[in-house]
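To start, the structure under review is shown below, and the notes come after it.
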Amino acid sequence: MPASVIVGLQWGDEGKGKTTDFLAEQVAMVVRYQGGDNAGHTIVIGEDTFKLHLVPSGVLYGHITPVIGPGVVVNPATLLREFDELTARGIDVSHVRVSHAASLILPYHVALDKAREAALGGAKVGTTGRGIGPAYEDRAARTGLRVEDLIDPASAATRLARALPEKRALLKALNAEDAAAVDADAIAKQIAAWGERLRPDTTDLVQRALAAGEHLLFEGAQGTLLDLSHGSYPYVTSSHPIAGGAATGGGIAPMQIDEVMGVMKAYATRVGSGPFVTELTDAIGERITTTGHEVGTTTGRRRRVGWNDALPLRYAVQLNGVSSIMLNKLDVLSGIPEILLCVAYEIDGKRVERWPSSTAEMERATPIYERFPGWSEPIHQVRALADLPENARRYVTALEEIAGAPIVLLSVGPERTQTIERAWRPMRRATKRA
Ligand code: IMP
């Protein structure tokens with residue numbers, strides 16, 4: 001009963017959509033285990049580009065059951081819009097399953113997210129404004145509505161009546177009163193309409209598929225460095241993108257996970273606020289942003305870009321128990337004369353080689369770089385590692401040594417075919433963990 005987790009090793013946007021797409025042919029079920037419509041997965045198949053926020057990327061394949069797991073926060077308005085857009089493009093969405101235990105994002109969550117960010121001013125997290133944090137707060141406070149409430153109007157009305165006075169008071173305290181966001185009748189009507197189209201499923205779905213010996217892929221959103229517990233708090237998201245999140249959010253036991261594939265880019269990007277030690281604000285950064293199309297899929301915000309950083313990479317590989325890596329967007333670095341890789345920080349005059357746990361320390365860190373000569377030729381057509389320019393191979397080898405896990409897939413362009421595949425054993429238990 002093989003189960004693989006795909007996890008981002010950086011701050012999200014590592015290209016997990018392409019990884020899932022690449023592995024999709026082998027699997028029967030793709031399960032999203034956390035996050036909500038803050039995510040954005042871009043998948044390019046031939047001439048077609050699909051941008052998905054909530055629907056697992058497995059939807060593009062008729063043989064896959066895409067599952068939105070219990071750890072996800074669902075804005076039904078977004079989900080149904082995505083269903084309609086996919087249907088209009090000829091994709092069958094009838095096999096998408098949504099866990100009864102996934103939490104709902106309602107209009108007041110979005111209003112609160114925006115109001116909190118506005119109140120924080122210069123100290124804002126830089127959220128996507130989709131109501132993610134407030135919806136997870138309600139789940140933890142046990143005051144939230146869940147997908148199961150969509151088909152139980154009486155339960156939904158009771159829960160709403162309990163929740164709304166507090167939401168009104170909060171929005172008022174934040175000087176962000178928003179009558180529409182806390183209108184009980186309007187929300188109840190929306191819930192009834194959503195309930196007509198969205199039927200909840202049970203957590204048991206995953207276990208039944210495992211018992212039937214099917215291949216399951218657990219698809220993380222965002223990345224390790226945005227994890228609520230393990231990222232650069234408070235500049236994080238409100239869920240657990242790490243591989244461990246697949247267990248709680250997907251409904252699988254840790255020992256049922258066979259493989260953890262970490263996904264990273266050949267450089268780093270970050271959206272929103274927070275420390276970014278290797279950030280590039282010069283012409284090279286500008287060039288990477290443009291060549292790599294580093295603009296947020298969800299918010300359209302320009303992503304911050306920087307060199308790769310060994311410290312968070314090693315940390316992410318260990319924390320996730322990564323057994324193999326997919327390295328994306330190596331082609332974007334073609335033509336850059338010299339490539340830098342951060343191997344240590346200097347903090348308060350001391351050399352540091354482990355990722356600091358404190359955000360304040362990260363903010364005081366300056367990078368210590370190892371320099372690699374670049375390569376000038378485009379590599380989009382390369383399909384074997386041996387055919388890469390020697391300098392590109394050197395850089396890949398250095399990343400692999402730092403990570404302590406094999407790079408088994410290497411992407412040299414957005415399309416599925418633009419991938420270098422090395423010898424590896426997909427969907428098998430790793431004999432040696434990093
Ligand atoms: P939230 O998830 O909207 O609450 O935003 C919290 C932080 O996570 C912000 O820095 C966002 O920019 C970041 N974030 C959320 N989703 C993504 C994503 O899919 N890719 C990259 N960053 C994200």
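Is it the case, given these coordinates, that Arg351 is basic (Lys, Arg) and assigned to a helix (DSSP H, G or I)?
no
Would you please name the residue that is farthest from the ligand (Cβ to nearest atom), looking only at residues in segment 103-128 that are free of Cβ contacts under 8 Å to residues at least 24 places away in the same chain and not small (Gly, Ala, Ser)?
Leu120
Residue check: is Val96 under 22 Å from Asp21 (Cβ atoms) and touching a Gly at 6+ places or on another chain (Cβ under 7 Å)?
Judged against the criteria, Val96 is not a match.
Only one of Val343, Val322, Val305, Val332 is part of a helix (DSSP H, G or I) and either among the hydrophobic types (A, V, I, L, M, F, W, C) or crowded, with 18+ Cβ neighbours inside 10 Å (or both); which?
Val332
Test Arg314 against the stated conditions and say whether it is closer than 25 Å to Pro406 by Cβ and assigned to a loop (DSSP other than H, G, I, E, B).
Considered against the rule, which asks whether it is closer than 25 Å to Pro406 by Cβ and assigned to a loop (DSSP other than H, G, I, E, B), Arg314 comes out as no.
Restricted to segment 373-403, and to residues that are open to solvent by 20 Å² or more (accessible area, probe 1.4 Å) and touching a helix residue (DSSP H, G or I) at 6+ places or on another chain (Cβ under 6 Å), which residue is farthest from Ile339 (Cα to Cα)?
Of everything passing the filter in segment 373-403, His380 is farthest from Ile339 (Cα to Cα).
Counting only residues that are basic (Lys, Arg) and more than 27 Å from the chain's Cα centre (by Cα), how many does segment 348-363 have?
The number of residues fulfilling the criteria is 2.
Yes or no, residue by residue, for (1) among the hydroxyl-bearing types (Ser, Thr, Tyr); (2) farther than 27 Å from Leu228 by Cβ; (3) open to solvent by less than 20 Å² (accessible area, probe 1.4 Å):
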{"position": "Ser4", "(1), (2), (3)": "yes, no, yes"}
{"position": "Asn75", "(1), (2), (3)": "no, no, no"}
{"position": "Leu79", "(1), (2), (3)": "no, no, yes"}
{"position": "Thr87", "(1), (2), (3)": "yes, yes, no"}
{"position": "Ile91", "(1), (2), (3)": "no, yes, no"}
{"position": "Ala102", "(1), (2), (3)": "no, no, yes"}
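Kindly indicate which of Asp138, Asp185 is surrounded by 15 or more Cβ atoms within 10 Å (Cβ to Cβ), among the acidic types (Asp, Glu), free of Cβ contacts under 8 Å to residues at least 60 places away in the same chain and assigned to a helix (DSSP H, G or I).
Step by step, each of Asp138, Asp185 is checked, and only Asp138 is surrounded by 15 or more Cβ atoms within 10 Å (Cβ to Cβ), among the acidic types (Asp, Glu), free of Cβ contacts under 8 Å to residues at least 60 places away in the same chain and assigned to a helix (DSSP H, G or I).
Tell me whether segment 161-171 contains one or more residues that are surrounded by 15 or more Cβ atoms within 10 Å (Cβ to Cβ), closer than 21 Å to Glu137 by Cα, away from the ligand (no atom under 16 Å from the Cβ) and in contact (Cβ under 8 Å) with a residue 60 or more places away in the chain.
The answer is yes, given that some residue of segment 161-171 is surrounded by 15 or more Cβ atoms within 10 Å (Cβ to Cβ), closer than 21 Å to Glu137 by Cα, away from the ligand (no atom under 16 Å from the Cβ) and in contact (Cβ under 8 Å) with a residue 60 or more places away in the chain.
Are there any strands (runs of 3 or more DSSP E) wholly within segment 1-106 with 1 or more residues that are under 28 Å from Gly195 (Cβ atoms) and charged (D, E, K, R), and if so which?
Ranges flagged: 29-32, 48-52, 97-99.
Strands (runs of 3 or more DSSP E) wholly in segment 188-286 with at least 2 residues that are under 30 Å from Tyr369 (Cα atoms) - which ones?
Of the strands (runs of 3 or more DSSP E) lying wholly inside segment 188-286, those with at least 2 residues that are under 30 Å from Tyr369 (Cα atoms) span 259-265, 268-270.
Go over the candidates Val271, Val277, Val260 one by one and state the one that is within 14 Å of the ligand (Cβ to nearest atom) and touching a strand residue (DSSP E or B) at 6+ places or on another chain (Cβ under 8 Å).
Val271 is the lone residue from the list that is within 14 Å of the ligand (Cβ to nearest atom) and touching a strand residue (DSSP E or B) at 6+ places or on another chain (Cβ under 8 Å).
If I filter segment 354-367 for residues that are surrounded by fewer than 22 Cβ atoms within 10 Å (Cβ to Cβ) and part of a strand (DSSP E or B), do I get at least one hit?
yes
Given the conditions (1) farther than 19 Å from Arg139 by Cβ; (2) within 16 Å of the ligand (Cβ to nearest atom); (3) open to solvent by less than 20 Å² (accessible area, probe 1.4 Å), report the number of the one that Ala221 does not fulfil.
Of (1) farther than 19 Å from Arg139 by Cβ; (2) within 16 Å of the ligand (Cβ to nearest atom); (3) open to solvent by less than 20 Å² (accessible area, probe 1.4 Å), only one is false for Ala221: (1).
Would you be able to say whether some residue in segment 177-197 is within 15 Å of the ligand (Cβ to nearest atom), at pLDDT 95 or above and β-branched (Val, Ile, Thr)?
no
As an exercise: evaluate Ala135 against (1) in contact with a Pro (Cβ under 9 Å, 6 or more places away or on another chain); (2) over 16 Å from Ala180 (Cβ atoms); (3) within 13 Å of the ligand (Cβ to nearest atom); (4) of a type in the set (Gly, Ala, Ser) and give the number of the one condition it does not meet.
The number of the failed condition is (1).
The values are calculated or read from the model by the stated rules, or taken from the named source; none is laboratory data. All values reported here derive from a predicted model rather than from experimental measurement. We place every Cβ from the backbone using ideal geometry, glycine too, and count neighbours over all the protein chains shown. Keep in mind that these areas ignore ligands, DNA and RNA; they rest on the heavy atoms of the full protein, side chains included. Shrake-Rupley method; radii C 1.70, N 1.55, O 1.52, S 1.80 Å.
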